[in-house]
1. Considering only residues that are open to solvent by less than 60 Å² (accessible area, probe 1.4 Å) and either of a type in the set (Lys, Arg) or in contact with a helix residue (DSSP H, G or I) (Cβ under 8 Å, 6 or more places away or on another chain) (or both), which ones fall in region 9-36?
2. Does His39 qualify as being under 12 Å from the mean Cα position of the chain (by Cα), open to solvent by 80 Å² or more (accessible area, probe 1.4 Å) and touching a residue at least 12 places away in the same chain (Cβ under 8 Å)?
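The values are calculated or read from the model by the stated rules, or taken from the named source; none is laboratory data. Keep in mind that what you see is a predicted model, and the values were worked out from it rather than measured. Here Cβ is always computed from backbone atoms with ideal geometry, including for glycine, and neighbour counts include all displayed protein chains. Accessible surface is based on the protein model in full, side chains and every heavy atom, while ligands, DNA and RNA are left aside. Shrake-Rupley method; radii C 1.70, N 1.55, O 1.52, S 1.80 Å.
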Amino acid sequence: MSEPTLFQRILSGDIPAEIIYRDEQAFVIHDINPQAPVHFLVIPVSPLTRVGEASPEDRELLGHLLLVAARMAKELELAEGYRVVVNNGPHGGESVPHLHVHVLGGRQMTWPPG
C-alpha cells in the first residue's frame, strides 16, 4: 500500500488546512505558496495521480473539477478573469502526485507563464 498523498492527509485531518468548499467528489483549499492574490486548488476526493493517467471513466470527475473551479472563482470575485492550470509530471511542475487544479486570479496574468 502506498503512502497517503498530502491532499489525502489534509482531507483526513492529519494535516490542518481550511477547506473552503467540499462535496462528494472534490474539495478546495487555498494554495500554501500563492502565486497570485487569489490562488486555490480544486482537488478530487478520490486520488488520481495526474491528468495524463486519466481514463474515459474519469470524464465526469474532470468536468466536475472545472465546474467547481468556475464556481469558486465566482464566489471569490474573480470576475475580471483567472487562469486554470493543471501540472502533469515533473517537467510540467507537478509536485504532489494527486491531480489538482490550480486557479489563479486577482491580477493580470502574463504569457508565457514560465
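1. Hits for region 9-36 are Ile15, Ala17, Ile20, Tyr21, Asp23, Gln25, Ala26, Phe27, Val28, Ile29.
2. On the way: under 12 Å from the mean Cα position of the chain (by Cα): yes; open to solvent by 80 Å² or more (accessible area, probe 1.4 Å): no; touching a residue at least 12 places away in the same chain (Cβ under 8 Å): yes.
Judged against the criteria, His39 is not a match.
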